[in-house]
1. Report, ordered by the first and then the second residue, all pairs with beta carbons closer than 8 Å, sequence separation of six or more or different chains, a first member in region 395-409 that is within 22 Å of ALA35 (Cβ to Cβ), and a second member that is among the small types (Gly, Ala, Ser).
2. Yes or no: region 382-397 includes at least one residue that is within 26 Å of the chain's Cα centre (by Cα) and among the charged types (D, E, K, R).
3. Pairs under 7 Å by beta carbon, first residue over 18 Å from ALA50 (Cβ atoms) in region 123-136, partner aliphatic (A, V, I, L, M), six or more apart or different chains?
4. Please name all residue pairs, on different chains or six or more residues apart, with Cβ atoms under 9 Å, provided the first residue is in region 86-110 and is assigned by TED's automatic domain parsing to the domain that holds ALA23 and of a type in the set (Asp, Glu) and the second residue is in a loop (DSSP other than H, G, I, E, B) and open to solvent by less than 50 Å² (accessible area, probe 1.4 Å).
5. State all residues of region 1-53 that are without any contact (Cβ under 8 Å) to a residue 40 or more places away in the chain and either aliphatic (A, V, I, L, M) or in contact with a Lys or Arg (Cβ under 8 Å, 6 or more places away or on another chain) (or both); if no residue qualifies, say none.
6. For ARG217, only one of the following conditions fails: (1) more than 13 Å from the ligand (Cβ to nearest atom); (2) open to solvent by 30 Å² or more (accessible area, probe 1.4 Å). What is its number?
7. From the list VAL308, VAL274, VAL298, VAL266, exactly one residue is more than 21 Å from VAL208 (Cα to Cα) and β-branched (Val, Ile, Thr). Which is it?
8. Only one residue in ALA79, ALA58, ALA30 is aliphatic (A, V, I, L, M) and at pLDDT below 95, so which one is that?
Amino acid sequence: MPDSRPSTPAQDIVIIGGTGSLARLKLFPALYDLAVDDMLPAKGKIVGAARTPMSEDAYRELARQSVTLYARNGYDEEAWQRIAARLTFVTLDDAGYDNLRRALTQPARLVYLAIPPSAFGTAVRALSKNGLIEGTRLLIEKPFGRDLPSAKKLDKELRDELDESQIFRIDHYLGKETVQNILVFRFGNSLFERVWNRDAIDHIEITVAESEGIGGRGSFYEEVGALRDVVQNHLLQILSILTMEPPSSFDAESIRDEKEKLLRAVQPLDKMRVVRGQYTRGRIDGHAVKGYLDEAAVPDDSDIETFVAARVEIDNWRWAGVPIYLRTGKRMPYKATEIEIGFRDVPRSYFGGSYPHDMEPNSLRLAIQPEEEISFSLLAKVPGPSISVKPVTMSFSYEASFSAEPAEAYERLILDAMLGDPTLFVRSDSVMRAWEIVQPVLDDPPPLLDYRAGTWGPKEADKLIAPDEWHLR
Ligand code: BG6
């Protein structure tokens, strides 16, 4: 996939919820970083819209501060002015959408709904009432519903007004360079695709671990929990890219077809193979941290999980019988998203007594973040007169190989949406299938177990994958 991007066509960018935390933490910084790289649309306004009235000057200052605090590129007055000159604010009062229409300058627009999903339907109907559907590409963020029925309802609300080709559903993990590289790594290297199956692979592990707790997001998290927050989306999206069949081409629909097909083969979660946990107080990096029940806006009897480990199976020709372990948790020892592919062992008798009993078979580690690295563990002969073997590592690091700093996920995703490229966005059928996969455990969850903050979750998660072991432990 050569990087020959077309220039971004003229369009307005509208942020509904333009003063909220998503706009401040992610969207303004991403737009600024795009401005630095000269990737803003050829022409068009950036319109922030929110219910609380605000002067244009105050709005510009809010955006400037978020850029100085969170943009990837350092603050540069000239680059900032490229945003400031386009920026305007509309109050979403009774006449709000009418005023919004008047503020627009182009026939095409990107509309980012940076508001809670419960407000998506109302916003889309208001766009429709004001003649703003034609020419709109709508960007929305997960969670797309909170279970299968609500996801279907939300989908209907959107699709009553918009065509699927106008809806860009963000799972920000798909905007990460290291996740996109899985496709190139698998399909660009003949070496790996040949062994990417049940004959050579013993098991697969994907871990999304965070050392942070839930911060000030207690009331949000109480509605969600780790299963809805990470398993239903980020983990299943990574899994589908990692294990799907080769697409017939690299165009958006071929890739999205294969992802959907793969998710169809993933068996719905079985409560007996799922461990749910909630962190209690503990220590991380030498600091004492609160338990989940002591966090603000969390009731004393909360049954919300902050950790999930699951064993799943993909029932197709390529993967049948290969256990797949998925794990995510808050307040784990450190932040790391990693994939480990464990290969089948060689016959141990071959090396006689020189093969140590605790030697692990070959494994491939794809570190997604914060380390961005791929490494392969191999067995090598220790130099000397006898046959003695030891594991060694071959590795590739993004930092060492590519000097350029990768773009943030939001930059890439906003740019792709402005270009109308849906490859890295989640199609409706995949969203629904992902809900079908987690729904049995939403309906009938396994018991909630405690784990101390700063550990890798409840001990039961280790039993779940025995005789294998989590590679991050
Ligand atoms: C979000 C979740 O989707 O992903 C958060 O809602 C989580 O709870 C975050 O912290 C993790 O994203 P990243 O990119 O920091 O791994």
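1. That search, which allows pairs on different chains as well, returns GLU408/ALA30; GLU408/GLY175; ALA409/GLY175.
2. Our first condition is that a residue be within 26 Å of the chain's Cα centre (by Cα); within region 382-397, this holds for 395-397.
With the extra rule that they be among the charged types (D, E, K, R), the set shrinks to none.
No, the conditions are met nowhere in region 382-397.
3. ILE133/LEU127; ILE133/LEU162; GLY135/ALA108; THR136/VAL111; THR136/LEU127
4. From residues that are assigned by TED's automatic domain parsing to the domain that holds ALA23 and of a type in the set (Asp, Glu), the pairs are ASP98/ASN130.
5. Correct list: ALA42 only.
6. Just one mismatch for ARG217, condition (1).
7. Exactly one of VAL308, VAL274, VAL298, VAL266 is more than 21 Å from VAL208 (Cα to Cα) and β-branched (Val, Ile, Thr), namely VAL298.
8. Values: ALA58 fails: at pLDDT below 95; ALA30 fails: at pLDDT below 95.
The match here is ALA79.
The values are calculated or read from the model by the stated rules, or taken from the named source; none is laboratory data. The structure presented is a predicted model; accordingly, all values stated were derived computationally and were not measured. Glycine also receives a Cβ, built like all others from the backbone with ideal geometry; neighbour counts cover every protein chain displayed. Surface accessibility is based on the protein's heavy atoms, side chains included, excluding ligands, DNA and RNA. Shrake-Rupley method; radii C 1.70, N 1.55, O 1.52, S 1.80 Å.
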